[in-house]
Amino acid sequence: MAESKLELKSPPNPNSLIVSAPPSSPPESPPVTTGGGFVPAVWFRQRPKIRVTTEFDSDSSVFFHRISCKVLDSLAKLKFSFQNNGKGELSDPQLALTSKYLSLHYDIEEKNALVNASFDVAPGLQFKAVHEVKSQQGELAMVADLAGPAYKFELSSAVPAIGKPRATIRFPLGEVSLEEKEEEEEEEQAKRILSVNGILKGQIMNGVCTAKYKDEALDLRYCFKDEQMTFIPSISLPSNAMSFTFKRQFGPSDKLSYWYNLDTNYWSTVYKHNIGKDFKFKAGYDSEVRLGWASLWVGEESGKAKTAPMKMKVQFMLQVPQDDITSSSLMFRAKKRWDI
């Protein structure tokens, strides 16, 4: 980007006589050409920053590219993404324009668009809409605050409408929703019934208990956590499937996790070791797939590429099948970002 030059001039001498030349017509601005000729420096100063991100996965041998920039005085973001394989064949091109109130995602190959809109109709009342152009389907929703922003009531309906709208109440300890769904009978005739789904969370002793009810199944989970240990037993009803997770912190850099399913006798374990902020080593074993593995992260695992060294994240992974060690494989993933 071109930078403006600042010229420093000495102040005029008060005892000197300055003779001004008669005003002349301003010089003509140089012509602007768009066919590869002169491009004004002003355009470079006002051009938004372009972010280019490239990811590669050796397992699929596919490159994923994303180009984005902010437009309309940073009120919206324009993003173009596509993939290519080792032969250079392009696939899955996507174009997206997102803002605070409206977003548009366009699939170039499928010639299909997905439109999302969200805005405040009145204080404490929000309108949301989703529409898929190709299938002519979507959803409309109204969200209202009840006794403050911590309590919300949402009423949503599919477009075109199928049955009654879905009602959801959200509160600090969870949410409960009521909706209609189809239930097939023996005569293969669909019957619409009311279904209740919900999730509740609460503090019990020194842990958090979570109850999740969906599709006539209840999942109960209790999480106890302190500075060194985490213990999470869970049970699913009516199947009575039980499992537990145990995590142990050995200092600020080392952590061991173990998971066991009492219903299937499957288990898995993971060991993590952090080397500073930008390096992490992980190793584990999964009895269900009978696979041992080890991986090394360069760059924060859950962070973005812009916070990694040289704005680049790399992961190396070694997979060793228990039944055939000779078929072990080494894979890597890389993600690099450029700011132009």
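Listing for the model above:
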item: Three-way shape call for the range 122-177 based on the alpha-carbon gyration tensor, with the a/c threshold at 1.5; result: prolate
item: Cα shape, the range 220-337, gyration tensor, a/c 1.5 rule; result: oblate
item: Percent breakdown of C-alpha pair distances by 10 Å bin, ordered from the shortest bin, for the range 74-119; result: 26, 44, 22, 8, 0
item: Pair-distance profile P(r), taking every C-alpha pair of the range 66-166, with 5 angstrom steps and integer %; result: 3, 11, 16, 16, 16, 14, 11, 7, 3, 2, 1, 0
item: Nonlocal Lys pairs with alpha-carbon distance under 29 Å, the range 64-146 (8 or more apart, or different chains); result: 20
item: 3J(HN,Hα) from dihedral phi, the range 156-166, Karplus parametrisation 6.51/-1.76/1.60, rounded to Hz, x for glycine, proline; result: 10, 8, 6, 10, x, 5, 10, x, 7, x, 8
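Values quoted throughout were computed directly from the atomic coordinates according to the rules given, and no laboratory measurement underlies them. This one's a predicted model, so the numbers in the text were calculated from it and none came from an experiment.
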